[in-house]
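Q: Below is one structure. I have some questions about it.
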Amino acid sequence: MLAPCMSWAEGSVPAEYPPAVAVTKVESVAQSCGVGEADLVGSWRVRGEGGFFETFRLAIESGERTFGSWLHERPDTSGTWTYAACRLVIVPRDGSGEPFVYDVLGLRDGRLRLRDADDARVVTYGRVRH
């Protein structure tokens, strides 16, 4: 019988279990934030302090996940994005820097909570209605 996932240290799976157990654990983590990829699509504006992006948009255009951000209502950064296991990764198109990596903490009442994977800062973004 398998030990419950909750008894394992975060990010570890006992060696005696097959890789399928690790995949199951990742899938359960992905569901833990309750936010699907489709929930992220749209435009978002920072609420409060601390967000690197003032306003950004996540879209899926012809199968490609595109990202765009604006600073003072002017285009700032563009690129692509991926989302898996409650982790949002934004890759700048121009290769000007490292990817931006965020853990999605949740989405409630149109407010998206992200934790920066580099410095653990939590930022809230509100959905922009057009």
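The values are calculated or read from the model by the stated rules, or taken from the named source; none is laboratory data. All figures in this text were calculated on a predicted structure; none of them were measured in a lab. When we count neighbours, we look across all protein chains shown, and the Cβ atoms used for this are built from the backbone with ideal geometry, even at glycine.
Q: Residues being out of contact with any Ser or Thr (no Cβ under 9 Å at 6 or more places or on another chain) and touching a residue at least 60 places away in the same chain (Cβ under 8 Å): count how many of those fall in the stretch 106-121. Don't jump to the end; show me each part of the working.
A: Of the residues in the stretch 106-121, the ones out of contact with any Ser or Thr (no Cβ under 9 Å at 6 or more places or on another chain) are 106-110, 115-121.
Those still in the list that are touching a residue at least 60 places away in the same chain (Cβ under 8 Å) too: 106-107, 116, 121.
Going through the stretch 106-121 one residue at a time, the tally reaches 4.
Q: On to the next question. Taking into account only those residues within the stretch 95-114 that are small (Gly, Ala, Ser) and farther than 21 Å from Arg129 by Cα, which is surrounded by the most Cβ atoms within 10 Å (Cβ to Cβ)?
A: Step one: of the stretch 95-114, the residues small (Gly, Ala, Ser) are 95-97, 106, 110.
If we keep only those that are farther than 21 Å from Arg129 by Cα as well, we get 95-97.
Working: Gly95: 8, Ser96: 8, Gly97: 10.
The extreme case among them is Gly97.
Q: Next up: Output the residues belonging to the stretch 50-94 that are within 14 Å of the chain's Cα centre (by Cα) and of a type in the set (A, V, I, L, M).
A: Of everything in the stretch 50-94, those that are within 14 Å of the chain's Cα centre (by Cα) and of a type in the set (A, V, I, L, M) turn out to be Leu58, Ala59, Ala84, Ala85, Leu88, Val89, Ile90, Val91.
Q: Next up: Provide a single number: the residues in the stretch 70-94 that are buried (at least 16 other Cβ atoms within 10 Å of the Cβ), among the hydroxyl-bearing types (Ser, Thr, Tyr) and over 18 Å from Leu114 (Cα atoms).
A: 1
Q: While we're here: If we scan the stretch 91-106, do we find a residue that is in a strand (DSSP E or B), at pLDDT 95 or above and touching a Pro at 6+ places or on another chain (Cβ under 7 Å)?
A: The answer is yes, given that some residue of the stretch 91-106 is in a strand (DSSP E or B), at pLDDT 95 or above and touching a Pro at 6+ places or on another chain (Cβ under 7 Å).
Q: Looking at the stretch 53-69 only, could you name the residues that are of a type in the set (Gly, Ala, Ser) and either surrounded by 19 or more Cβ atoms within 10 Å (Cβ to Cβ) or in contact with a Cys (Cβ under 9 Å, 6 or more places away or on another chain) (or both)?
A: Taking the stretch 53-69 as the starting set, the residues that turn out to be of a type in the set (Gly, Ala, Ser) are 59, 62-63, 68-69.
The answer is Ser69, and nothing else.
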